[in-house]
Amino acid sequence: MWGTHPESQPPPALGRKPDGTGEVSEETASSLLLVGEQLEDLTGLEELLAPLRHPVHKVASWSEAPGALLDESLACILVDARRSWSVGLELARRLLSYPHARYIPVLFLGAHSCGVADLMRGDTLGTVDCLLEPLSPDILRLKVGMYLEQHRRQALMRAALERAEHAEAVARESERMLHTLLGNVPGMVYRSTTREPWSLSYASQAALALSGYVAEDFMEGRVSWGELIHPEDAPRVREEVKRALAMRSPFTLTYRIHTRTGEERWVWERGVGIFGSEAQALEGFIFDITSFRGAQQERERLHEQLEFQHQRLQAILQQLPVAVHLAEAPSGRTLNFNAQAEALLGHAMLPCTCVEDYAQYHAIHPDGRRYAAEEYPISRVLATGKPQPQEELLYDRPDGSVRVFLINAGPIWDAKGKLQAVVASFMDITALKRAETHQTFLASVSETLASSLDYEATLAHVVQRAVPALGDGCTLDMLEPDGSLRRLAVAHGDSVRKEISQELARHQPLRLEDPTGPGAVTRTGNTELVAEVTDELLVRYAKNSRHLELLRGTGITSSLIVPLHARDRTFGALSFFYCRGGQPRASRRYGQEEQRLAEDLGRRAALAVDNASLYREAQRAVQLRDDFLSVASHELKTPLTPLNLKLSALSREIPRCCDQEPRAQELQRHLEMARRQLRKLSMLISALFDISRIAQGRLTLDVTETDLGEVLGEVAAWFAPEAARVGSKLWVEGEPHVPGRWDRLRLEQVITNLLSNAIRYGAGRPIRARVESDGARARLVVRDEGIGISPEAQDRIFGKFERAVSDRHYGGLGLGLYITRSIVEAMGGTIRVESRLGQGSTFTVDLPRSRQE
Ligand code: ADP
């Protein structure tokens, strides 16, 4: 039997799968190749082999290329040499010349006649076996089956070999990869002892970057890791490693090391104990986290700073005297607010997540309508990005009071100009507004009261103004001389209730003896304040059922009654009411503030009443005085004319009868003095007489052709001795003749007054009087260089009884300039003064030369 070919080796690539893994499954089908001269011979063989259930290929022609069939799946080639041993040999030789077929066993089927020599010829072909006729199908199948089994085992061996090769390649690749990874890991990979000083038996190349020592320094024992650990951190590192080892769990550490150059670094280590029966080593990674740590510290610092700023903002918000509300943009979600906000609103802040939620707040319009969500200042800033400054808003608090808030709302932009949030600050200006309203009300009421002496009309007006400033309703009841009370005025925001109020006064007239109400207030002069008018109170107050019905109809909820009291007299009472369903207000009850205001108003109203009655009394007194002056001056004047005549006669008699008398001259001087005093007395009485005539509008003029220049000359001549007596020089200047149509005597009176004043207040200095004309007008100017008149007095001195000097130093009634002005104005002219204290005065009279009567 031919044996196995000595060079027989498994073909290298046999059974390799396309994926290169080389695995061959046991099910891989091994096939058989039948080669022979006659196809029918081969078919017979095929049938014999069929029970083996392996694919059989048949090649019967030389021309057929068997190369394609000689693949790795062939378990055996059967060469049918039964017809010709030589042909079979040749056929086998050719087959085996194919490189693929080199290792495929060949089974020759020879004829019975085949001798040993023939068999030996086949020995050179390698893996060759032989079966001779007569062929036993069983032997044939046994033999071929053996090859098939051999083929299967070879395939399995090859696959196992390839797997081993592959595993080795994978292991080599893994090792290479591990080295690459370890070399490139940003931290150091190590293996160390389980105790200090943590000597490293392995350190990756990153040791250098981490510590400044090359890996070999550690591995060759020149330095240990423990030496590098910061002394302050070393105990902690020791403890934590110990604990992890005890629990057989990994450990994670953060600590400081000192590098070879002494630099301090933060490292992060993750390690685990390697155990046999006990801990043998530590393995792990160590990373440099200095920069990360720095960033972390910076982040912590920034976080702390942020936290601090947040706390500071919170503290500021809480300390602010104003309420603050911060909303996110664009949602409107509430981000922040302070305690003052809730205190002002009178309820907790609402959990708003969007603008629509603002509708739940209680801002109202002056007519009581609720604000829509988008009407709030914050909503408008959210919508437009524009600040909404200094806005007043009414807020209907849950406690029933309506407060006035002053709101400022503005946008908060980020660095990119995006609206981030909206902040609104608001404060309660209710008291301020109320004080302002009260002040404005008082000021305007005072103006009204001062505007007229017809106090009934002004008080009725004041009552109208008191609504709504001081209540929903107001009434005024005045004390009449007969002791009854008269309802002078009623004001009400509601016309039906106004009617009820008037009806009430008619149905149940007020009396001074009433225990409460306007009568009692007028009687006692004390304010009556009922903060809350209850129905029980009305029931007690009502005189009968109709009265009660009317009282209830008024809807009064709070009342305040103040007296009109001035100079120990009470003139009546002002009553104020709040009623159900009235205007929205900060408070619907009267309190001390309203009481003070109402009492102030009552005093002012009383003063107006008092002033009006005083004025009436004064007018009566003035009338009496003027009547008296008129009568008295007339009576006083009557004896003056005969007295003057008598003095003239006496003056004429003296030279005739007593010329020789040594005292004649002295008598003449006395007489002259008496005549001067008589003239003065006459002027004073004339002045009084004129006053009463002016007061009665009876100053009549007797207008004739008159020469102003001439009149000035004459009057100046009369005053020359007087001026000389006080040391003043009297100059008459200007045009000697200025004719016009005037009352000559009245002109004399004007010039007399001005010249006598110039002499009296001229301080003995020169006096200049001049007359000039300007077409239709004539001008008289009297100038002195005397004491002058203060600016304050310059207007006043033309009034009745007005004087700018003290009575002790200068006598006079203060009537001269008043009469002068009255005369000048009666003649259609004007008079004015220019003066400086201590530098003299200039009086200028302008007169039309002829007047249209
Ligand atoms: P009487 O001189 O009687 O006081 P008048 O009506 O003539 O009253 O003058 C009013 C006041 O005007 C005087 O009291 C005086 O204070 C002031 N007055 C009038 N004329 C002069 C003047 N020429 N110089 C300074 N003061 C004058």
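The values are calculated or read from the model by the stated rules, or taken from the named source; none is laboratory data. This structure is a prediction, so every number in the text was calculated from the model and none was measured. Note that we place each Cβ from the backbone using ideal geometry, even for glycine, and neighbour counts take in every protein chain shown. Note: accessible area is taken over every heavy atom of the protein model, side chains too, but ligands, DNA and RNA are not part of it. Shrake-Rupley method; radii C 1.70, N 1.55, O 1.52, S 1.80 Å.
Any chance you could count how many residues in region 183-213 are in a loop (DSSP other than H, G, I, E, B) and either in contact with a helix residue (DSSP H, G or I) (Cβ under 8 Å, 6 or more places away or on another chain) or farther than 16 Å from Ile229 by Cα (or both)? Total meeting the criteria: 12.
For every residue, the table says whether it meets (1) in contact with a Ser or Thr (Cβ under 6 Å, 6 or more places away or on another chain); (2) within 12 Å of the ligand (Cβ to nearest atom); (3) not aliphatic (A, V, I, L, M).
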site: Ile787; (1), (2), (3): no, yes, no
site: Glu802; (1), (2), (3): no, yes, yes
site: Tyr810; (1), (2), (3): no, yes, yes
site: Leu813; (1), (2), (3): no, yes, no
site: Gly816; (1), (2), (3): no, yes, yes
site: Ile819; (1), (2), (3): no, yes, no
site: Ser822; (1), (2), (3): no, yes, yes
site: Gly829; (1), (2), (3): no, no, yes
site: Ser835; (1), (2), (3): yes, yes, yes
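I'd like to check something: does region 638-658 contain any residue that is modelled with pLDDT of 85 or more, at positive phi and open to solvent by less than 30 Å² (accessible area, probe 1.4 Å)? No, region 638-658 has no match at all. Screening the candidates Arg222, Arg236 for the property of being among the charged types (D, E, K, R) and part of a helix (DSSP H, G or I) yields one hit, Arg236.
When Glu710 is tested against (1) open to solvent by 40 Å² or more (accessible area, probe 1.4 Å); (2) over 16 Å from Arg768 (Cα atoms), only condition (2) is not met. State all residues of region 213-233 that are within 60 Å of the chain's Cα centre (by Cα) and crowded, with 18+ Cβ neighbours inside 10 Å; if no residue qualifies, say none. Within region 213-233, Leu228, Ile229 meet the criteria. Arg783 - would you say it is free of Cβ contacts under 8 Å to residues at least 24 places away in the same chain and either assigned to a loop (DSSP other than H, G, I, E, B) or open to solvent by 20 Å² or more (accessible area, probe 1.4 Å) (or both)? Against the criterion (free of Cβ contacts under 8 Å to residues at least 24 places away in the same chain and either assigned to a loop (DSSP other than H, G, I, E, B) or open to solvent by 20 Å² or more (accessible area, probe 1.4 Å) (or both)), Arg783 does not qualify. Considering Arg540, Arg589, the condition of being within 49 Å of the chain's Cα centre (by Cα), in the same structural domain as Pro468 (by TED's automatic domain parsing) and surrounded by fewer than 21 Cβ atoms within 10 Å (Cβ to Cβ) is satisfied by Arg589 alone. One residue is enough: does region 295-307 have a residue meeting the conditions open to solvent by less than 40 Å² (accessible area, probe 1.4 Å) and either over 30 Å from Asp399 (Cα atoms) or hydrophobic (A, V, I, L, M, F, W, C) (or both)? Checked region 295-307: no residue is open to solvent by less than 40 Å² (accessible area, probe 1.4 Å) and either over 30 Å from Asp399 (Cα atoms) or hydrophobic (A, V, I, L, M, F, W, C) (or both). Residues in region 727-752 that are of a type in the set (Lys, Arg) and either within 11 Å of the ligand (Cβ to nearest atom) or farther than 20 Å from Val824 by Cα (or both): Lys729 alone. Apart from one condition, Gln665 fits all of (1) in the same structural domain as Glu513 (by TED's automatic domain parsing); (2) surrounded by fewer than 16 Cβ atoms within 10 Å (Cβ to Cβ); (3) of a type outside the set (Ser, Thr, Tyr); the exception is (1).
For Lys680, the conditions (1) within 17 Å of Ala826 (Cα to Cα); (2) out of contact with any strand residue (DSSP E or B) (no Cβ under 6 Å at 6 or more places or on another chain) are fulfilled apart from (1).
With Glu714, Glu748, Glu710, Glu733 as the choices, which residue is part of a strand (DSSP E or B), of a type in the set (Asp, Glu) and within 29 Å of Arg849 (Cβ to Cβ)? Of the residues listed, the single one that is part of a strand (DSSP E or B), of a type in the set (Asp, Glu) and within 29 Å of Arg849 (Cβ to Cβ) is Glu733. Among residues of region 737-752 being among the charged types (D, E, K, R) and without any contact (Cβ under 8 Å) to a residue 60 or more places away in the chain, the one that is most open to solvent (accessible area, probe 1.4 Å) is Arg744. For region 156-176, the condition of being assigned to a loop (DSSP other than H, G, I, E, B), in contact (Cβ under 8 Å) with a residue 12 or more places away in the chain and either on the phi < 0 side of the Ramachandran plot or buried (at least 17 other Cβ atoms within 10 Å of the Cβ) (or both) holds for none of the residues.
Evaluation of Leu847 against the conditions (1) within 13 Å of the ligand (Cβ to nearest atom); (2) modelled with pLDDT of 95 or more; (3) more than 18 Å from Gly697 (Cα to Cα) shows that the sole unmet condition is (1).
Answer yes or no as to whether Asp396 is acidic (Asp, Glu) and open to solvent by 50 Å² or more (accessible area, probe 1.4 Å). Judged against the criteria, Asp396 is a match. In region 412-445, the qualifying residues are those that are of a type in the set (Ser, Thr, Tyr) and modelled with pLDDT of 85 or more, and the one that is least open to solvent (accessible area, probe 1.4 Å) is Thr430. Whether any residue in region 753-776 is without any contact (Cβ under 8 Å) to a residue 40 or more places away in the chain, in a strand (DSSP E or B), away from the ligand (no atom under 16 Å from the Cβ) and open to solvent by 10 Å² or more (accessible area, probe 1.4 Å) is what I want to check. The answer is yes; a qualifying residue exists.
Examine region 790-798 for a residue that is within 9 Å of the ligand (Cβ to nearest atom), free of Cβ contacts under 8 Å to residues at least 12 places away in the same chain and charged (D, E, K, R), and state whether such a residue exists. Yes: one or more hits.
Taking the condition of being assigned to a strand (DSSP E or B), closer than 20 Å to Leu52 by Cβ and open to solvent by 50 Å² or more (accessible area, probe 1.4 Å), how many residues in region 104-155 meet it? So the count comes out to 0. On the basis of being more than 21 Å from Ala606 (Cβ to Cβ), modelled with pLDDT under 90 and either open to solvent by less than 40 Å² (accessible area, probe 1.4 Å) or not polar (S, T, N, Q) (or both), does Val467 make the cut? So Val467 fails the test.
When restricted to residues that are touching a helix residue (DSSP H, G or I) at 6+ places or on another chain (Cβ under 9 Å) and not β-branched (Val, Ile, Thr), region 396-420 contains 11.
The residue that is nearest to Leu550 (Cα to Cα), among those in region 491-516 that are small (Gly, Ala, Ser) and at pLDDT below 90, is Ser501.
Scanning region 558-571 finds one or more residues that are of a type in the set (Phe, Trp, Tyr) and part of a strand (DSSP E or B).
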